[in-house]
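Asks: Structure below; questions to follow.
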Amino acid sequence: MGVVGLISVVLVVGAVFVVWRLMRYPGGWQYAFSDVHRADRQDLDRARSAVRAVRGTARQEVSRAETRATRAERAYERRIGDAERELARLRRPGRGAFVTRLGEVTLYQHALLFKGKEIPLAGLAVRFELARNSKKSYIYLTHPDGRVEFPGYADEEFPEEHVRRFSVRIENAVAAENTFRDGRADGIRQAESALEEARLDTAEKDDAREALEQVRARHSESPELAKALAALETARDRWQALTGRRPR
């Protein structure tokens, strides 16, 4: 920035300051800037500062109460959300989380995916078989109604040991699913009860909301603010009597 630009900036800032000062202390140049009226300006400033201080304290207290109420409300909603998700998981488990994959078979927590078809794990019988004449391994998956799926794995692409391990993973997943299904009814009842308890447990958020309303009411009827505002009006009266202009 050149010298001319710098001087322009200084002049603009100075002009803004002068305008602000004349608006803050209306009545003319001497009342806004003269040392003769310094005490009068200080008198007005003290009254304004007192009002700002009271209002600032009120804003801080209300803000803290609002923060507490917001946190309590969010915590309440979070507890309900967690309980609802757990109940939904038990009622509609779906495939569940991905576990592993081998060839055309993908194992999830609650189901298998084979050639685009979803096979529930519950009640599934699993058997590994090695067909040496064709150099292939098979995993026979027998549904509870007797239907059979048998994904095959060529030895050159899928070594026997890998297929055996995958078969065992499926068996273990089936066992875990059967256990899950056996306890599912009790789990659903417990989850429903937990959800109801979460919905009824409103004490924390109710207390925070009540405290917020009390803080707001206290500051809306604050005797300190009323006193400070009255003192400010008196200071404005004195300034108006002195200058003929009433300050804001």
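Asks: Which FRET efficiency value, to the nearest 0.05, do you get for ASP207 and SER134 by plugging their Cβ-Cβ distance into 1/(1 + (r/R0)^6) with R0 = 41 Å?
Replies: 0.05
Asks: Candidates [x] 38, 19, 17; [y] 81, 29, 10; [z] 31, 21, 15; which is the computed semi-axes √(5λ) of the Cα gyration tensor in Å?
Replies: Given [x] 38, 19, 17; [y] 81, 29, 10; [z] 31, 21, 15, the structure-derived one carries the label [y].
Asks: If you take the beta carbon distance between ARG101 and ARG216 as r and set R0 to 45 Å, what does 1/(1 + (r/R0)^6) give as a FRET efficiency, to the nearest 0.05? Walk me through the numbers on the way to the answer.
Replies: Numbers: r = 58 Å, r/R0 = 1.29.
The calculated FRET efficiency here is 0.20.
Asks: Over the C-alpha atoms of the stretch 80-150, what are the Rg and the largest Cα-to-Cα span, Dmax, in Å?
Replies: My reading of the Cα-based Rg and Dmax gives 15.5, 59 Å.
Asks: A further question follows. Scan the chain and report its longest stretch carrying no GluC sites (Glu not before Pro) that are both in a DSSP loop and have at most 11 other Cβ atoms within 10 Å.
Replies: On the way: sites that count: GLU156, GLU157, GLU221.
My reading of the result: 1-155 is the longest stretch.
Asks: Stick to the Cα atoms of the stretch 61-198, pair each with every other, and give me the Kirkwood hydrodynamic radius in Å at one decimal. Numbers along the way, then the final one.
Replies: Working: mean 1/r = 0.0563 Å⁻¹.
Here the Kirkwood hydrodynamic radius works out to 17.8 Å.
Asks: Can you give the Rg to Rh ratio of the stretch 1-115, both from alpha-carbon atoms, with Rh computed by the Kirkwood formula? Let's see the in-between values first.
Replies: Details: Rg = 33.8 Å, Rh = 22.1 Å.
Looking at the stretch 1-115, the ratio lands at 1.53.
Asks: While we're here: So for the stretch 84-212, taking the charge dipole from beta-carbon charges (+1 Lys/Arg, -1 Asp/Glu), which of ALA211, ALA97, GLY187 sits furthest toward the positive end?
Replies: About the Cα centre, the residue reaching furthest to the positive side is ALA97.
Asks: Something else now. I'd like the carbon and sulfur percentage of the solvent accessible area for the chain, probe radius 1.4 Å, heavy atoms only, ligands and nucleic acids excluded. Present the calculation step by step, with values, prior to reporting the outcome.
Replies: Numbers: 8340 of 15850 Å².
Ligands and nucleic acids excluded, carbon and sulfur reach 53 percent.
Asks: At what distance in nm do the modelled label points of SER63 and ALA39 sit from each other, each positioned 7 Å from its Cα along Cα→Cβ?
Replies: About 3.7 nm, to one decimal.
Asks: Now a separate question. Kindly state, to the nearest 0.05, the FRET efficiency for ASP155 paired with LYS117, given R0 = 25 Å and r defined as their beta-carbon distance.
Replies: Plugging the Cβ-Cβ distance into 1/(1 + (r/R0)^6) gives 0.50.
Asks: Check the straight Cα-Cα distances from LYS115 and name the lysines below 22 Å, setting aside those fewer than 8 residues away within the same chain.
Replies: LYS135, LYS136
Asks: Write down the accessible area per residue of the chain in Å², having rolled a 1.4 Å probe over the full set of protein chains.
Replies: I get 64 Å² per residue for this part.
Asks: Grab the DSSP H runs of the chain that are 4 residues or longer, score each as -39,500 (n - 2.57), total them, divide by all residues and round the 222 nm result to the nearest 500 deg cm²/dmol.
Replies: On the way: 7 runs with 160 residues, N = 248.
Dividing the helical sum by the residues of the chain leaves -22500 deg cm²/dmol.
The values are calculated or read from the model by the stated rules, or taken from the named source; none is laboratory data. In this text the structure is predicted, and so the values were computed from the model without any measurement. Backbone-built Cβ (ideal geometry, glycine too); neighbour counts: all protein chains shown. For the accessible areas, the whole protein counts, side chains as well, though only heavy atoms, and no ligand, DNA or RNA atoms are used. Shrake-Rupley method; radii C 1.70, N 1.55, O 1.52, S 1.80 Å.
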